[in-house]
Structure formats: C-alpha cells, structure tokens
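Novice: Pasting a structure here, questions to come.
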Amino acid sequence: MVKAVVGANWGDEGKGKITDMLAQNADIVVRFQGGANAGHTIKNKYGKFALHSLPSGVFYDHTTSVIGNGVALNVPIFFNEIKSITEKGVPMPKIMISERAQIVMPYHILFDQYEEERLGGKAFGSTKSGIAPFYSDKFAKIGFQVNELFDDEGLKDKLKSVVATKNVLLEHLYHKPLLDVDELYATLMEYKEMVKPYVGDVSAFLDKALKEGKTVLLEGQLGTLKDTDHGIYPMVTSSNTIAAYGAVGAGVPPYEIKEIITVCKAYSSAVGGGAFVSEIFDAEAEELRNRGGDGGEYGATTGRPRRVGWFDCVASKYGCRLQGTTDVAFTVLDVLGYLDEIPVCVAYDIDGEQTTDFPVTYKLEKAKPVLKTLPGWKCDITGIREYDQLPENCRKYIEFVEQQIGYPITMVSNGPSREDIIYRKSALK
Ligand code: GDP
C-alpha cells in the first residue's frame, strides 16, 4: 500500500521527522516533486541532518530511497548529500533514480538568479535553486530527462537547440555571459557517471513492489499553501505539493494511496514572501522563532529566518482538505509550553466579513486574523508518550484545533526525535 506524508501549511511542518519515523515500517520511500530548494531536518542516532534532495528513508538499511519522475534532480547536490551522510557513518543507502526524472541544468540556477535580479523589488524570494526555470522548461518540453544522458547523439543535438534559445535571452534580456554547448555537454557527461549506478524504471519497480505487498511512503516537500495550483499563487513553488501529485510524480495508480498523513505544525511558519494572515512580529515573533523547531525557525537550506505566527485554522483546514487527509500529525507542540496564553486564528475578516474558507490570493491579501485565545499549559511536555499524560490545557488545544480543521489528529509530535510521538484515538476517525 502507499502512504503519503505531506504538509498542510507553508512547509517546514516537520515532514522529515514524520517520514523518518514512518519509514521504520516502510520498504520504499519516494520523493515525488520539488527539488533541493527546501530541506528536511532529521535527528537520529547518526546525528542531525539537513536533507534537501535525498528521501528521508536513507537512514535505514531496510528501505530503498527513490527519486521519482516528478522531482527536479540536482545531480551534484544529490551526490554530495550521499557523500555527506555516508561520511557520518550512515550505511550506503539503496537508491533508485527514475529514468524519467528531469535534471536541473546549471543554467536553470543561473536563470533563477538573473530573473530575481531583473525583478528587483518585485522578486519572488526564490531560493535560486533553479526550480522555476526547471519546471518551465519541463512543460515547455525542452527539459532533459535522466535517460537522455545515455543517448549521446540526441543529447548533443538537443543541447545545441536549447542553448541557442537560452543564449538569446542571456544576451538581450539579462546581458550575461553566453552558454557553451561543449562545456555543458562535458558537465552532463559527469552527471551521467554520477547517476549511472542508480537509474531505473521507477514506476515498474513500484508496481512490482505493490503487487508483493510492500509499503511505499511518498514524501512531500513544502505544503499545500505552496502548491502551484492550490497555494498562494504566485508566491508558490513550481510543482504540486499535494498528495494527489504523488501518483503522477512517482508513477503509481492514484487509488493505491490509502493513507494521507498531513503534517500540521502547532503554530505557523513560512519562508519567502506572500500573505501570511496570522503572522506575528517583533519581540513576540523573535521569541517564538528562537524557541521554534529544533534550534530555531531558520531555513534548513537557506538559513533564512522564517516568518512565524499563530496557528491558522483557516489555512490548515484548507491545507488538510486539499491533501485528502486521513490522519493529521500535529507537530512541534512542545515549543508552545512557554506561553501563558496561546492565540489561534479561527477565521479571516475580509472587508468586514468573516469566513473560515481559505480565499484566493487577492482576497487573502486583505484578510485580517480573527483570534481566539486559549490558555497555555506552562510546562515542558517532551518525553510524554501517552495522550492522557499531557496537561489538560494542552489536550484542549489539540482538541480545539481538531474541531476547527475537521480532520483527525492521530499523532502528536512533542520533540524532534523519532521517539517523540504520541498516538491518539480521534473521535473523527
Ligand atoms: P520539513 O521540511 O517539513 O521536514 O520540516 P523541517 O525539517 O524544515 O522543520 C522541522 C524542524 O522542527 C526540524 O528542525 C525538526 O527537527 C524539528 N521538529 C520536528 N518535529 C518536532 C517536534 O515535535 N518538536 C520540536 N521541538 N521540533 C520538531
């Protein structure tokens, strides 16, 4: 069966930790979208790791880690990550890369930088990992699939043609140095050597695995609100972050996805620009940012300080709905233990009207948070393993959020490690 682990919010919900935890009982972990532009942080017996490209199953020797066709594969980053984890004592993981995955080309990264420079103050706040130019080229049908590295003749001809169009833009729009076909070809030949041992037919592999009764975990990157279609367009990522895309980006039938575990953080955080209704500022934000996550809310890939805010029931209800949530994993709850009172955003006020339905972007820009304040529990809940053992106000916070979002919270995460998890029976399931 297939399970998906995806985010309800803006990313950084703690999907890495939940995937790592669920991977204990999985055979295969698949990345199905996105690239190395966001990271998962995982803490385990080997140390603390920020993975940008490798699936979170790489720490187990019983799992196979798969890069699906939907991923934007940055070959050198991928291989440096394998090197960095094996250097820290992690056994060499079993890895498979889809022959249909496409490659982030060196010029995608350049174009990402040049375009942000050109936009100046109107920039998207891109991580400049080449993701938007990569997906643009993929859908414009001038991208390079991994298998094309093995088609010497075709590759050079296609490179010539693509480079010709790229050079027009470089010369006339960006006024930057031109690309050289031979140099790019040589780089691709290096990539070919790096990927060679791992390339395969992922959808056939997964089909066989499913017929044998294996468990496949799809690992999402970012969250619903960054989905190209359903997120806060245009301040979104350039791929679909919802579980439905897992079927496309891994090559499995949609009906095989039986469980959708949506990770939802107990407060909000976001990187980059865009409307963020429940955002908080100044000293209040500084305190939550520094206490947040595991060692503060700073981007795993970029080190950028994340914007933070109170839990947003409107955004999270929508985030869970679009994912097709069967279970909510409610994370980083331990961080809120310092607060006397905890505000929660329960509705948006848009032009004097209240709504709990997440709106389209131009309306979202006008939304003001309607806050309800819940009492805090004022203690450290790390180490607790039974739901009943949580302080009453903490349980009330969880149950309030569950009522508001309308999806069952069956897991509560109260620390960064695999073991920091409380399973819970929900009346909604
Ligand atoms: P992802 O991209 O969704 O995997 O999230 P990140 O890895 O960027 O952010 C989650 C951060 O919170 C990481 O530093 C995790 O180690 C940490 N984390 C995950 N779950 C918990 C939790 O329940 N409590 C605390 N304190 N930290 C957590």
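The values are calculated or read from the model by the stated rules, or taken from the named source; none is laboratory data. Since the structure is predicted, the reported quantities are computational estimates derived from the model, not experimental observations. Every residue, glycine as well, gets a Cβ built from its backbone with ideal geometry; the counts of neighbours run over all protein chains shown. Only protein heavy atoms, including side chains, enter the accessible area calculation; ligands, DNA and RNA are left aside. Shrake-Rupley method; radii C 1.70, N 1.55, O 1.52, S 1.80 Å.
Novice: I'm told K363 meets every condition in (1) open to solvent by less than 60 Å² (accessible area, probe 1.4 Å); (2) in contact with a strand residue (DSSP E or B) (Cβ under 7 Å, 6 or more places away or on another chain) except one. Can you identify the failing condition by its number?
Specialist: (1)
Novice: What number of residues within the range 97-121 satisfy the criterion of being closer than 18 Å to V71 by Cα and open to solvent by 30 Å² or more (accessible area, probe 1.4 Å)?
Specialist: So the count comes out to 4.
Novice: Exactly one condition in (1) more than 16 Å from the ligand (Cβ to nearest atom); (2) in a helix (DSSP H, G or I) is not met by D357; state its number.
Specialist: Failed condition: (2).
Every residue, every condition in (1) crowded, with 24+ Cβ neighbours inside 10 Å; (2) outside the structural domain of R289 (by TED's automatic domain parsing); (3) under 16 Å from the mean Cα position of the chain (by Cα), yes or no:
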position: A8; (1), (2), (3): yes, no, yes
position: D12; (1), (2), (3): yes, no, yes
position: D27; (1), (2), (3): no, no, no
position: G34; (1), (2), (3): yes, no, yes
position: N44; (1), (2), (3): no, no, no
position: G57; (1), (2), (3): yes, no, yes
position: V66; (1), (2), (3): yes, no, yes
position: S84; (1), (2), (3): no, yes, no
position: E87; (1), (2), (3): no, yes, no
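Novice: Look through T215, T127 and report the one residue that is in contact (Cβ under 8 Å) with a residue 60 or more places away in the chain, away from the ligand (no atom under 16 Å from the Cβ), of a type in the set (S, T, Y) and surrounded by 12 or more Cβ atoms within 10 Å (Cβ to Cβ).
Specialist: T215
Novice: Let me ask another. Which of the residues that make up the range 36-48 are within 13 Å of the ligand (Cβ to nearest atom) and either at pLDDT 90 or above or not in a strand (DSSP E or B) (or both)?
Specialist: Matches in the range 36-48: A36, N37, A38, G39.
Novice: So which helices (runs of 4 or more DSSP H) stay within the range 231-343 end to end and still have 2 or more residues that are open to solvent by 40 Å² or more (accessible area, probe 1.4 Å) and aliphatic (A, V, I, L, M)?
Specialist: So the answer is 244-250.
Novice: Any residue at all in the range 159-171 that is aliphatic (A, V, I, L, M), open to solvent by 70 Å² or more (accessible area, probe 1.4 Å) and in a helix (DSSP H, G or I)?
Specialist: Yes, there is a match, as at least one residue in the range 159-171 is aliphatic (A, V, I, L, M), open to solvent by 70 Å² or more (accessible area, probe 1.4 Å) and in a helix (DSSP H, G or I).
Novice: Condition first: open to solvent by less than 70 Å² (accessible area, probe 1.4 Å) and within 27 Å of the chain's Cα centre (by Cα). Now tell me which residues in the range 366-393 satisfy that.
Specialist: A367, P369, I381, T382, G383
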